[in-house]
Structures are given as structure tokens and as C-alpha cells.
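Working notes, structure below.
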Amino acid sequence: MSGFSFRSLTFMLLVAFLLWSSSFETCNARRGKHWRSSRTISASLSKKKGKSHSSSHHHNHGGGSKPKAPSPPKPKKGIPTTPPPKNEDNGHSTIFNVLDFGAKGDGSSDDTKAFQAAWAAACKVEASTMVVPSESVFLVGPISFSGPYCQQNIVFQLDGTIIAPTYSKAWGSGLLQWLEFTKLVGITIKGKGIIDGRGSVWWQNSPFDDPIDDESKLIVPLNNTVKEHPPLPISGELGGKMPSIKPTALRFYGSFNVTVTGITIQNSPQCHLKFDNCMGVSVYQMSVSSPGDSPNTDGIHLQNSREVLIHGTNLACGDDCISIQTGCSNVFIHNVNCGPGHGISIGSLGKDNTKACVSNITVRDIIMHNTMNGVRIKTWQGGSGSVKGVLFSNIQVSEVQLPIVIDQFYCDKSQCKNQTTAVALSGITYEKIRGTYTVKPVHFACSDSLPCMDVTLTAIELKPLQESYHLYDPFCWQTFGELSTPTVPPIDCLQLGKPSSNRIQSDHELC
């Protein structure tokens, strides 16, 4: 064979080998994507969401070494490129830092587009981590980190501070949420960072537009002094009145296996943290902070969500520390500090003749200080559905105005018409509710046509903060159940047993 022919053959073999190697790697990557075993979406809170551990398999065929990966092409001038992802923990997680996507983190530049770009990149990689680094303040406008086509088990690592814009133009005619995560599986927000809604401009602009908590009618002031609100800015940075619709700071919608831990959410224009249509929610070791007189600033709001665990949290806000709405079941809340605020509430339910269904709720090992209510169930006249299987246990109250409340005549308007239908309440247990109150220890106001049933009281010890106060005695209306132990003060108004009418559950109560 001539030298020329041999060199030609060698060259042809080398080209064929390189093409075969490139094709093999491509197939290997494609196979890894499409042949990956699917993960079962589990709503069990006992299973920890593990990170995806990617492994690289080296193939040795006939003693040959693995070819080197080709160098990435140089970007063309003037065309933006996606920053290369960074690996952390020996390849266990792919990192997408918002600073690499153009975020400034100076507290004044608009970093919204950088956050969107970082999320778009992280969304494509399973078990990736989007990093908001510490020692930086990021001004971010309304944004949706959305699926459903994102990979699973993404971590949003929040160590810095995210602040909301305070100029009206950023919000248009009004939005219901600021930071939203939708239709995701295995989403985790964790870190030591802060989400700051800077809500004071919203509270000052429309302090009288918001409904007033109906339980305020039960509160008789002990003196005539009126608390003055501190002066707040009346407009945003660029002027203009803020919209009347106030956004929730952080909302999750339609997601599975959601975790929020470590972070602080403060000064939200309205609700701080909301879960809607979620299954498998875990919230722990995080904080909510806003002034006690900030309007409708619920701490954690649950709606149409199941398998929820909340523990080890500190919640200080201007409304309910935790609000449990219709469609919630299997909710377990424990070891929570609440105050200031309006306590922990189920409801309000059944507004505008709607159907509400809530079941299997446990609230235990709670400390409440300086709150309007302790543990409360509130429903509107005219509603339907049911609340059943509720346990309030080991609740320590201090300077709480109304520690135990059932109110089936709830109304946050100036007037509400009387209606006969109601959300049915049954299987409500109160045990080990202890501490001091400032207005009334117990207030049970149940429906005339649908009395509360199976209300059980055990080890209730509630004492007035000062014996000299002129306070109300326990109040009961159409409330049936049992006293398992003597109570302090005596709750003689509770009717023992069941209603004499031996009521049969009607269709409108079924859930």
C-alpha cells in the first residue's frame, strides 16, 4: 500500500472514530434524559426530598480513552449568552447565581429580568439551585417562577434580600401577588435571606378600604386612648397612589411537595405567605414580621391545600398568624409563636353563600402573646359544607383578648342579612388552653338552625390579666358538647349532649 493511501486510510479512520464518539455521547445524553426513571410524587411529609445525584459514566472501548469535550463556541459580538452553570458539591447540584445573569444587587437597579433569566436556566435542570447571594439587595418587580414544564426538585437559595418596588407604575392596576411559584414539583425556598414587601406605602394609601375583622365588635376598650399610627409615606418613589388591590408577598399555586424554611418575610402589602391548591407543604424555622396594626397582613394563608406541616415558626403580623380556608385537610401546626396578630383561625368560611369544606386540623404546642384572638373558627351565615375533626391542644395565651372563639355570625361589613343555612361545625376539641385574657375567655356563637356539635373542653384555665378589670363571662349560643374536666372559669353555658331535635345531616353539609 502506498504512503499516500495509508495516510488517507488513517485519516478516514480517525474521522470515523471522532464521529462515532460524538454520536455515542449524544445518544448517551439523550438516553439519560428520556430513560430516567420517573419519580413518584409523594404527598407524604415524612419523606425528605433528596437532591438528584448525577453520575458520569466513563466508557472504555478496546482500551481507548474518552475523547475530550469540544470547546464551546465563542459568543458572537452583541448577542447575549446564558452564563455557564456552576457545579457544587461534586456535581450534585447545578448553580445558577442571579449575579451571573446581570443582577446588580444594589437595591435600586431593577433586577427583575435577571431573576427571570436565572429561573429560565434553572428550570431546565433537575435539582438545580437558583442562588440569591447574601450581602446584596435586589429590587424585583412582580414575577412568576412557573412550571409546569420545569424539572423537579429545584432549590431557590435565598441568602440576600429581595425588596418590592414602591412606585405605582410597577403594579399596573393592581396584582394579587408579588413573587409567585406555580405548578412545580419539589420546589424548595430556603436560606437566611429576607423578602421585604415594603408595605407601608400600601397601608397608608388606603387604610379604610380594607374590611375590619368582625371580632373587633366584641372588644370593649379599657380606656379611651387611641393609638396613633406613625407617619408613613403617602406615595411611592416616583409618585402616584398605589392600587387598591394589594399583593401577597410570596404565593405558591398548584404545586406538589413545597418547602419553605429559614427565610424571613416582612412588611407584605397584604398576606405574607400563601399556599393555594398545593399538596405536601412543609414550612419550618422561618419568620413573618409586620406591624400589629398593618391591615390584613396574614402570616400564612392556606387554601385548597392538603398534607400541610407548619412548625418552628415565629409569626408577627397585623391579621391572622395562620389562616386556614376552604378545601384544606390534614393540616398539622405545632410549635409556633404567634403575636402580635389575630391568632390562628379557621375561616372565614361560607361567604356569599359558598360551600366550605375543612377537616382534620391539628393545632398544638402554640405560644400566643398580645393577640386579638387565640384559636378561632369563623363562618358566614348562608354558607354550606362542614368543618370537622379539629383539635386545639396545649395553647399558652398571654394578654390575649379572646382566647377561644367560634363565630358563625361572622361579618366584616357594616351590615349582613340574617340567613338560616350555615357551615356545619362538629368534632371540635379544646384541651390545655391556659393563660391570661383581657376581654372574654370563651365566645361560642353558633347557628340557630345548625348548632355546633361535639364540642369538647378539657383542662381549660384562663384567668383575667388583672382581677380588677370589668370583663365578660364565657358566652355560648347553640353550642353542644361536653366538659371533660372542670374549667377556669366555669363554662356553664355549654349545653351537654346533643340537640333535642336529633338533626340528620343534610346534603348541603356534605363535602
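Name the single residue that is modelled with the lowest pLDDT among those in the range 409-457 being small (Gly, Ala, Ser) and part of a loop (DSSP other than H, G, I, E, B).
Filtering the range 409-457 for residues small (Gly, Ala, Ser) gives 414, 422, 424, 426-427, 435, 445, 447, 449.
Keeping just the survivors that are part of a loop (DSSP other than H, G, I, E, B) gives 414, 422, 447, 449.
Details: Ser414: 78, Ala422: 95, Ser447: 95, Ser449: 91.
Looking at the filtered set, the residue picked out is Ser414.
Hey, can you tell me all the residues within the range 138-149 that are more than 20 Å from the chain's Cα centre (by Cα) and buried (at least 19 other Cβ atoms within 10 Å of the Cβ)?
From the range 138-149, those more than 20 Å from the chain's Cα centre (by Cα) are 138-139, 149; that's our starting set.
Residues satisfying the conditions are Phe138, Leu139.
From the residues in the range 209-249 that are at pLDDT 50 or above, among the aliphatic types (A, V, I, L, M) and out of contact with any Lys or Arg (no Cβ under 7 Å at 6 or more places or on another chain), which one is farthest from Val400 (Cα to Cα)?
Within the range 209-249, the match that is farthest from Val400 (Cα to Cα) is Met242.
Do we find that Ala122 is surrounded by 21 or more Cβ atoms within 10 Å (Cβ to Cβ) and over 21 Å from the mean Cα position of the chain (by Cα) in this structure? Explain how you work it out, then say what you get.
On the way: surrounded by 21 or more Cβ atoms within 10 Å (Cβ to Cβ): yes; over 21 Å from the mean Cα position of the chain (by Cα): yes.
Yes, satisfied.
Across the range 345-369, which residue is modelled with the highest pLDDT among those that are of a type in the set (S, T, N, Q) and closer than 19 Å to Asp213 by Cβ? I'd like the intermediate steps shown before the answer.
If we filter the range 345-369 for residues that are of a type in the set (S, T, N, Q), which is where we start, we get 345, 348, 353-354, 359-360, 362.
Next cut, closer than 19 Å to Asp213 by Cβ only: 345, 348.
Values: Ser345: 98, Ser348: 95.
Restricting to residues being of a type in the set (S, T, N, Q) and closer than 19 Å to Asp213 by Cβ, the top hit is Ser345.
Please name all residue pairs, on different chains or six or more residues apart, with Cβ atoms under 6 Å, provided the first residue is in the range 416-444 and is in the same structural domain as Ile460 (by TED's automatic domain parsing) and closer than 21 Å to Gly339 by Cα and the second residue is outside any strand (DSSP E or B) and of a type in the set (S, T, N, Q).
Pairs that qualify, where the first residue is in the same structural domain as Ile460 (by TED's automatic domain parsing) and closer than 21 Å to Gly339 by Cα and the partner is outside any strand (DSSP E or B) and of a type in the set (S, T, N, Q), are Thr438/Gln401; Val439/Gln401.
Being at pLDDT 95 or above, over 26 Å from the mean Cα position of the chain (by Cα) and within 16 Å of Gly481 (Cα to Cα) is the requirement here; does Val390 meet it?
On the way: at pLDDT 95 or above: yes; over 26 Å from the mean Cα position of the chain (by Cα): no; within 16 Å of Gly481 (Cα to Cα): yes.
The answer is no for Val390.
I'd like the full set of residues that are closer than 21 Å to Pro295 by Cβ and touching a Leu at 6+ places or on another chain (Cβ under 6 Å), limited to the range 326-354.
Within the range 326-354, Cys338 is the sole residue that qualifies.
Scanning for something free of Cβ contacts under 8 Å to residues at least 24 places away in the same chain and of a type outside the set (S, T, N, Q), does the range 131-141 turn up at least one residue? So that I can check it myself, show each step before the final result.
So the first thing to find is which residues in the range 131-141 are free of Cβ contacts under 8 Å to residues at least 24 places away in the same chain, and the list is none.
Looking through the range 131-141, none of the residues is free of Cβ contacts under 8 Å to residues at least 24 places away in the same chain and of a type outside the set (S, T, N, Q).
Which condition number does Gly497 fail, the rest of (1) over 23 Å from Gly343 (Cβ atoms); (2) surrounded by 16 or more Cβ atoms within 10 Å (Cβ to Cβ) being met?
Gly497 satisfies every listed condition except (2).
The values are calculated or read from the model by the stated rules, or taken from the named source; none is laboratory data. The structure presented is a predicted model; accordingly, all values stated were derived computationally and were not measured. Don't worry about glycine lacking a Cβ; one is built from the backbone with ideal geometry, like all the others, and counts go over all protein chains shown.
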